[in-house]
Amino acid sequence: MTQLRLERLADVPLSRVVAAWNECFSDYYVPIAMDVPAFAAAKLGNEDLHPELSFLAFADGREAPVGFLLNAVRTVDGERIAWNGGTAVHPDFRGRGVGAALLEKALETYREQGVGAALLEAFVQNEGAIRLYRRFGYERFDTLYGMEAAGALDFGLDSAEVSSEAAYRIERRPAAALEGLRFATETPPWQTMRQSAKTGEALVAEDAAGRPVGYALRRRSPAATTLLQCAVDPALTDDAAVDVTRRLLGAVFSGTAADGSAGRRNVFAAPASQPALRAALASAGFEDKYALAHMRLRF
């Protein structure tokens, strides 16, 4: 086992942190290289990664980090939740206990922070990482699918299958408006939580009485429209749930074009625990691009 010393991200220049991120993820399943401004905006900004609670590993007198584990902690539905927002080891140092040492430090930190549960995601094909996480007590509780649409979208809003009797109004609101409104049965992925969607927009479906019956959360830019969350009231009938889901998805992706002129159409992480949502997206023209194991550790 390699002799290691761990340092807090807060004590290391951000340029070195980002260089380590790019080097350790150089052979990752998808390209995720970033420059310093992009890292600061996405990781420290949107995702609330905490420099005081995140760690880099140094080994054998090497100046550059050989691995890292980035952490965030926030309160979700009254529970203190931690998130492993990125663990990676330099290709030359894998299999030497670096990942295990970082995980041990992370779990120690979570306990100090009074965390009730810890979350992470791993590509389903990353079997080595998943085995390591399970060794430390994490269990897989969901599968998350990244999806993308290349052609025209059809949510069936003119179809006879969609009820013409139900009157639903969709209101556009700030992401913060979703506080206290949750219909999904499982904890959403960290990156799709309203707290991570600081520039996002909520779309809330209300029935004729003004009662919320569903919601969606999206992030939109000239480059892409990305669905982060979509859920409907489980008390709805099956037909009504399909109706509301289609209307919400149609509103999320309104103004986008099949030729890409209005940006890409993406779904960041559609959960397997929401099969009706997955089915609506697939029937509209979305295809799976990747799958992530959503894992949780209870304390």
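Here are a few things to note about the model shown:
- For the stretch 103-115, a residue qualifies if it is open to solvent by 20 Å² or more (accessible area, probe 1.4 Å), in contact (Cβ under 8 Å) with a residue 40 or more places away in the chain and not in a helix (DSSP H, G or I), and exactly one does: Gln113.
Here's the yes/no breakdown for (1) at pLDDT 95 or above; (2) among the small types (Gly, Ala, Ser):
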| site | (1), (2) |
| --- | --- |
| Glu139 | yes, no |
| Asp142 | yes, no |
| Gly146 | yes, yes |
| Asp154 | no, no |
| Glu171 | no, no |
| Glu179 | no, no |
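- Note on the stretch 273-296: among residues that are of a type in the set (A, V, I, L, M, F, W, C) and out of contact with any helix residue (DSSP H, G or I) (no Cβ under 8 Å at 6 or more places or on another chain), the one that is nearest to Glu186 (Cα to Cα) is Leu292.
- Subset tally (residues that are open to solvent by 10 Å² or more (accessible area, probe 1.4 Å), within 16 Å of Val252 (Cβ to Cβ) and outside any loop (DSSP other than H, G, I, E, B)) for the stretch 191-205: 2
- Complete set of residues in the stretch 206-230 that are open to solvent by 30 Å² or more (accessible area, probe 1.4 Å) and not polar (S, T, N, Q): Asp207, Ala208, Ala209, Gly210, Arg211, Pro212, Arg219, Arg220, Pro222, Ala223
- Filter result for Ser283 (free of Cβ contacts under 8 Å to residues at least 40 places away in the same chain and of a type outside the set (D, E, K, R)): no
- When Ala100, Ala118, Ala129, Ala122 are screened for being open to solvent by less than 60 Å² (accessible area, probe 1.4 Å), of a type outside the set (Lys, Arg) and more than 23 Å from Glu186 (Cβ to Cβ), only Ala100 passes.
- Per-region count, the stretch 1-60, residues among the charged types (D, E, K, R) and part of a helix (DSSP H, G or I): 5
- The stretch 70-97 - residue that is part of a strand (DSSP E or B) and open to solvent by 60 Å² or more (accessible area, probe 1.4 Å) and, of those, farthest from Cys24 (Cα to Cα): Glu79
To keep it simple, each residue is scored yes or no on (1) touching a residue at least 12 places away in the same chain (Cβ under 8 Å); (2) open to solvent by 30 Å² or more (accessible area, probe 1.4 Å).
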{"position": "Ala20", "(1), (2)": "yes, no"}
{"position": "Cys24", "(1), (2)": "yes, no"}
{"position": "Ile32", "(1), (2)": "no, yes"}
{"position": "Gly45", "(1), (2)": "yes, no"}
{"position": "His50", "(1), (2)": "yes, yes"}
{"position": "Ser54", "(1), (2)": "yes, no"}
{"position": "Arg62", "(1), (2)": "no, yes"}
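- Checklist (1) out of contact with any Ser or Thr (no Cβ under 6 Å at 6 or more places or on another chain); (2) within 19 Å of Thr185 (Cα to Cα); (3) in a strand (DSSP E or B); (4) open to solvent by 30 Å² or more (accessible area, probe 1.4 Å) applied to Ala235, failing item: (3)
- Between Ala270, Ala284, Ala251, the distinction of being open to solvent by 20 Å² or more (accessible area, probe 1.4 Å) and in contact with a Leu (Cβ under 7 Å, 6 or more places away or on another chain) belongs to Ala251 only.
The values are calculated or read from the model by the stated rules, or taken from the named source; none is laboratory data. All values reported here derive from a predicted model rather than from experimental measurement. Note that we place each Cβ from the backbone using ideal geometry, even for glycine, and neighbour counts take in every protein chain shown. Just so you know, the surface numbers come from the protein's heavy atoms only, side chains and all, with ligands and any DNA or RNA stripped out. Shrake-Rupley method; radii C 1.70, N 1.55, O 1.52, S 1.80 Å.
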